[in-house]
Each structure stands twice: as C-alpha cells, then as structure tokens.
Amino acid sequence: MSDLLDRLPYARFLGLQATTEDGVLTVTMPFADHLIGDPMLPALHGGSTAALLEFTAMAQLALTYPALKLPRPINVTIAYLRSGRPVAVQARARISKAGRRVANVLAEAWQDDPSQPIASLTAHFLMADNN
Amino acid sequence: MSFDLNDILPQLANGSAHTHALGFVLEGRDEDRIRLRVPWREDLVGDPDTGVLSSGLVTALLDHVGGMAVWIAAKQFVPIATLDLRVDYMRAAHPRRDLIAEARCYRLTHSIAFVRAWAFEDSPDDPAAAAQSAYIVDSRAGRPAGANLRPSA
C-alpha cells in the first residue's frame, strides 16, 4: 500500500511513509524544515497536516477497496486541535460508511501520543471511479 | 515599530519554509480581498496520470490565503492559527495549470476570524474548490518564541 503514496508526487514532497497492520494503515510524515509554517514557535503549517490527513484517508480507502485505485475527495473538514511541533506526525483513518456512491472517512493525526491528536479530518470520497 | 501591511504581504505569502517550498506568490489585493498564486509544478501533482495539482495542496493554499485575509481585516500581522477548515472540491483542477486562490474575511472578532475562499485557474466564477474556515486570532496567547521546542505537556 505504501506503493500508492510513493507514486503520488505531492505525497512524496511531504515525505509520507506508510505501514500496514491488519488492514489498517499508519502514515508517517517525518519532520522536515520545509513543513514549517510558523518559524517562531516553531509550528508545522496547517496545510501540511491537512494534506497528511487527506492522503491517509485516501490511501486507507484504496487499501480497503482496491477497485477504487485513487479515490477522489468530494469535501474535507479539518479541525486543528493542537499546534504541530517540529517532530514527526502520524495519522490513521477509519471508514465510517462506504456506500455505493460515497464514503465517509474519519482520520486523526498525532505526534507522541495518539490520545492527544493535533488535528482531525472528516471527509467524503466518491466511490465511483469514472466521475 | 510599525510598518504598512501592504509592504509585507509578499513575505506573508511565502515567508515560511512551507509556503516558500510550495512556491506561493502574492497575486494581488483588492480592498478586503487577497489573492495567492501557486505556479504548477510536477512535484505538487496529486495524480501523476492526470498532471492535476493535489487536493491536499489546494487545501494548503486555501488555508494560507484565508489567513492572509485575516491580516487584511485586522490591518496588521497578528499570530493566527486555523481552527477549522472545510473544503469542497467542485471539480478537478485543470492539468498543468497554475491555481489562484482568493479569500475574504467577512467577520473579525477579538478572538475569532471567519473566512471564505475560492480556488480557480481563471475566474472565481468557475472555482475548482471553495473553503469556509475560522481562525483563532492572537493564537500564541503569550507563548514565547521557541515554545514548541519543549516537550509536550
């Protein structure tokens, strides 16, 4: 499954790495200077965390439903819960509903402690590939 | 010390490591509306089969242009943090084309700013994506520079 993210240029730009255990993907975004949005604190740019969450949701859908290839997002909502410190971020997604046309996916991103997420995502994806 | 916000808008567009790496540039300001451009680049593509910019990049662009609209509304640079951000992807962006994002802060309180933003190639009348977002104003709230370098509480 890490092959999917390896194939996508923007996922490579973010340095995303995926591992799978029992069908559940964990995606890691290792810290890199080019992810910083606030140099004073310093803090990760919210856009990099949002993209990590979106790729995690997309890759989890593609893993669970291989026929989808590259699921297309309809919309995403990101809540920023804590500022992202200059260390690695991890993310995991859960498919809460996958119908014939639309899937709803939830994802969370954290740094040291999964119970202290830095951001969460709710997203809808198109299940049909030919739209 | 004070400086004209207009003079620092180009730096606010791409002065951080992330926005610099993404190649954001200030496209212009028209009263309370602000525009950013992200020039198309191979490494910012979401799907290599189509050459379309990644939706995650569009999210980053809309997040950042929204923050710039907050500074315009506040008439100064203040530390802000995105509280939440919703993006509708109405259509795929056009392959191998730059994207422009425009944002407007339509309500600013002491603590929260409310923003809407759009991303398009040519005209905001034909948007590829639209965003609705809220930002915390003065987000550092007394935290000193380097606060995030300490272990988390």
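Could you list B:Asp32, A:Asp22, B:Asp47 in order of exposure, starting from the residue whose Cβ has the fewest other Cβ atoms within 10 Å?
Neighbour counts put them in this order, fewest first: A:Asp22, B:Asp32, B:Asp47.
Which percent of Cα pairs goes in each bin when the distances of the stretch A:1-122 are cut into 5 angstrom slices starting at zero?
It works out to 2, 12, 24, 25, 20, 11, 5, 2, 0, 0, in whole percents.
Count the net charge of all other residues whose Cβ sits under 12 Å from the Cβ of A:His45, scoring Lys and Arg as +1 and Asp and Glu as -1.
Net charge around A:His45: -3.
For A:Phe31 and A:Leu81, compute 0.36 nm times the residue count separating them, minus their Cα-Cα distance, and round to one decimal in nm.
16.1 nm
In which sequence would A:Thr56, A:Thr122 go, from the one with the fewest C-beta neighbours within 10 Å to the one with the most?
Numbers: A:Thr56 29, A:Thr122 17.
Fewest-to-most ranking of A:Thr56, A:Thr122: A:Thr122, A:Thr56.
If N is the number of residues in the stretch B:1-67, what value comes out of its Cα radius of gyration divided by 2.2 N^0.38 Å? Spell out each step's value before the answer.
Working: Rg = 13.4 Å, N = 67, 2.2 N^0.38 = 10.9 Å.
The value comes to 1.23.
What's the extension gain from B:Tyr106 to B:Phe77 if we count 0.36 nm per residue and subtract their Cα-Cα distance?
So the extension gain works out to 8.7 nm.
Trypsin sites (Lys or Arg not before Pro), restricted to the stretch A:77-108: which are DSSP loop and have at most 14 other Cβ atoms within 10 Å?
In loop regions of the stretch A:77-108 (DSSP not H, G, I, E or B), the sparsely surrounded trypsin sites (Lys or Arg not before Pro) are A:Arg100, A:Arg101.
Taking θ as phi - 60°, what are the ³J(HN,Hα) couplings along the stretch B:41-58 by the Karplus curve (6.51, -1.76, 1.60), each to the nearest whole Hz, with x for Gly and Pro?
8, 3, 7, 9, 7, x, 10, x, 6, 10, x, 8, 4, 5, 4, x, 5, 4
Averaged across A:84-94, how many Cβ atoms of other chains sit within 10 Å of each residue's Cβ atom?
1
Want the number for A:Gln116 to A:Asn104: 0.36 nm per residue separation, take away the alpha-carbon distance, what's left?
Length difference between fully extended and current span is 2.1 nm.
For a quick check: with amide H placed at 1.01 Å from N, whose amide H comes under 5 Å from A:Leu25's, ignoring anything fewer than 5 positions away on the same chain?
HN-HN under 5 Å from A:Leu25: A:Ala93.
Looking at chain A, what % of its DSSP beta bridges pair antiparallel, to the nearest 5?
Restricted to chain A, the bridges split so that about 100 percent are antiparallel.
Mind checking B:47-55 for the average number of partner chain beta-carbons within 10 Å of each residue's beta-carbon?
Average neighbour count from other chains, rounded to a whole number: 4.
Note down the Stokes-Einstein diffusion coefficient of the stretch B:5-140 in µm²/s, whole number, using a Kirkwood radius over alpha carbon pairs, 20 °C, and 1.002 mPa s.
146 µm²/s
Along the stretch B:77-82, what does the Karplus equation 6.51 cos²θ - 1.76 cosθ + 1.60 (θ = phi - 60°) give for ³J(HN,Hα), rounded to whole Hz, x for Gly and Pro?
Running phi through 6.51 cos²θ - 1.76 cosθ + 1.60 with θ = phi - 60° gives 7, 10, x, 9, 9, 5 Hz.
How much of the calculated P(r) for the protein assembly as shown lies past 34 Å, in percent of all Cα pairs? If you can, show how the numbers build up before the last one.
On the way: 5691 of 40186 pairs.
Result: 14 percent of Cα pairs exceed 34 Å.
Could you identify which residue out of A:Ala32, A:Ala93, A:Ala103 has the top mean-square fluctuation in a GNM of chain A using Cα springs shorter than 10 Å?
Highest fluctuation among the options: A:Ala32.
Here, each number is a calculation from the coordinates, and none is a lab measurement. None of the values given here were measured: they were computed from a predicted structure. So basically every Cβ, Gly included, is an ideal-geometry build from the backbone, and we count neighbours across all protein chains shown.
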